[in-house]
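Undergrad: Have a look at this one before I ask anything.
Please treat every number below as a calculation from the coordinates, not as lab data. Predicted model, so just to flag it, every value in this text is computed and none were measured. Quick reminder, even Gly has a Cβ in these numbers, built from the backbone with ideal geometry, and neighbours come from all protein chains shown.
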Amino acid sequence: MLIQNAQFVAGATGVNNCPDSDWPEIAFAGRSNVGKSSLINTLLNRRGLVRTSSTPGRTQMLNFFAVNDCLHFVDLPGYGFARAPRAVREKWQPMIHDYLKRRDNLRAVVWLLDVRREPSREDLQFLDGLEEAARPTIPVITKVDKLSRNELARQLGVIARATGLDRELFTTFSSVTREGLPELWERIEAAIGADDA
Ligand code: GTP
Ligand code: MG
């Protein structure tokens, strides 16, 4: 998709105050610090549109971005950030799950895993939640620039085994080298039914 414009719209604290819109929506999820905001910036070719940080757990709302006045991207709060206050963590989880279950506009969830990590219990719980909500999932393994090709092949095996997903289902991605960018856009376009956009 050629990006003509992309801008921040609003942060929502729950499914009830998401933008009132009939645009299709793609959400981006994964543990804190996995690289969600960086991936969105890379997809939109806007370096600083979505705030990224080396301090995990900063994104606390469902952050909506308008793309080409026809599509929303939603940057979800990262799960699994141990240092976030418990009260905060306990609010996020129901908020995310409620959004996944109830938001009609949502067409697919791009689910990110860090290539260097074994999927955590929270990752696997999140995957269960996606399956329960029957949401089409686009699994992405990110930060692949951090490993050699041999290490990458080995980690793909580890991650496929842990998640029970076929390794062919994962798009490998890097916000640094932009590897995987055309493939990810193709999958997003297929999910919103806009393959000729
Ligand atoms: P939260 O919003 O806190 O949940 O984090 P996030 O998932 O949005 O991660 P973010 O995009 O802020 O990236 C976290 C850190 O990882 C930053 O220091 C990024 O520069 C780095 N990072 C993200 N993607 C990549 C990548 O593909 N390769 C490398 N080498 N670093 C990356
Ligand atoms: Mg973020």
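Undergrad: For the chain, with only Lys/Arg (+1) and Asp/Glu (-1) charged at the beta-carbon, what is the dipole magnitude about the Cα centre, in debye rounded to 20?
TA: The calculated dipole for the chain is roughly 1020 debye.
Undergrad: What does the convex hull of the alpha-carbon atoms of the range 87-197 project to on average, in nm²?
TA: Result: 8.0 nm².
Undergrad: If each of GLN4 and LYS101 carries a label point 7 Å out from its Cα toward its Cβ, how far apart are those two points in nm?
TA: With each label placed 7 Å out from Cα toward Cβ, I get 3.9 nm.
Undergrad: I've got another one for you. For the chain, set up a Gaussian network in which alpha carbons nearer than 10 Å are linked by springs, and say which option among GLN125, GLN93, GLN60 fluctuates the most.
TA: For the chain, modelled as a Gaussian network with Cα springs under 10 Å, the answer is GLN125.
Undergrad: I would also like to ask the following. By how many nm would the segment from GLN93 to GLU168 grow when fully extended, if each residue of separation counts as 0.36 nm and the alpha-carbon distance is taken off?
TA: Once the chain is fully extended between GLN93 and GLU168, it gains 24.1 nm.
Undergrad: Just going by the charge dipole of the range 6-192, with Lys and Arg at +1 and Asp and Glu at -1 on Cβ, which of VAL74, VAL144, ASN16 is farthest out on the positive end?
TA: VAL144
Undergrad: Once R0 is set to 41 Å, what does the formula 1/(1 + (r/R0)^6) return for the Cβ-Cβ distance between ASP20 and GLU183, expressed as a FRET efficiency to the nearest 0.05?
TA: The pair ASP20/GLU183 has a calculated efficiency of 0.80.
Undergrad: So, in the range 6-192, how many Lys pairs have Cα atoms under 20 Å apart, if the pair is 8 or more places apart or on different chains?
TA: Pairs that pass both the separation and distance tests number 4.
Undergrad: Based on DSSP, what percent of beta bridges with both residues in the chain are antiparallel, to the nearest 5?
TA: That works out to approximately 40 percent antiparallel.
Undergrad: Next up: Note down the Stokes-Einstein diffusion coefficient of the chain in µm²/s, whole number, using a Kirkwood radius over alpha carbon pairs, 37 °C, and 0.692 mPa s.
TA: After rounding, the answer is 194 µm²/s.
Undergrad: Given a cut-off of under 8 Å on Cα pairs at least six residues apart, what relative contact order in percent is computed for the chain?
TA: 24
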